[in-house]
1. Output the residues belonging to the stretch 61-78 that are surrounded by fewer than 10 Cβ atoms within 10 Å (Cβ to Cβ) and at pLDDT below 95.
2. Could you please tell me which pairs satisfy a Cβ distance under 8 Å, a separation of 6+ or placement on different chains, a first residue in the stretch 10-24 that is farther than 10 Å from residue 34 by Cα, and a second residue that is surrounded by fewer than 12 Cβ atoms within 10 Å (Cβ to Cβ) and among the small types (Gly, Ala, Ser)?
3. Suppose the filter is out of contact with any helix residue (DSSP H, G or I) (no Cβ under 7 Å at 6 or more places or on another chain) and surrounded by 10 or more Cβ atoms within 10 Å (Cβ to Cβ); does residue 14 pass it?
4. State yes or no: is residue 44 modelled with pLDDT under 95 and under 30 Å from residue 24 (Cα atoms)?
5. Go through the stretch 22-70 and count every residue that is over 30 Å from residue 8 (Cβ atoms), over 19 Å from the mean Cα position of the chain (by Cα), part of a loop (DSSP other than H, G, I, E, B) and of a type outside the set (Ser, Thr, Tyr).
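The values are calculated or read from the model by the stated rules, or taken from the named source; none is laboratory data. Please read these numbers as outputs of a predicted model, since none were measured by experiment. All Cβ positions, even for glycine, are placed from backbone atoms using ideal geometry, and neighbour counts span all protein chains on display.
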Amino acid sequence: MSKIQAKEGEFIMEGEINDSIQKIVGQGKFRRIVNKTPQEIETDNPSPPEISESQRPAYITNKQWQDVLKRLKKLEKDVSK
């Protein structure tokens, strides 16, 4: 399979690699797999930004939302009296 998978200028290495934490270094037949530095990992896979509690989405059901709307409507009616 390797003969039909690798195109000109490409190569195949036997084994497994996790490309989020490892990389291939070297030239020609001297290529090898090494672990990325923490800085390389952060650059390739940045941590998601911190989102404050007030800015996070709230996941509620339609039933819960309808209950909120009913309560608001009742409050508005009570205030207008």
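1. Within the stretch 61-78, 76, 77, 78 meet the criteria.
2. Going by the 8 Å Cβ cut-off, the qualifying pairs are 12/2; 12/6.
3. no
4. In short, yes.
5. 2
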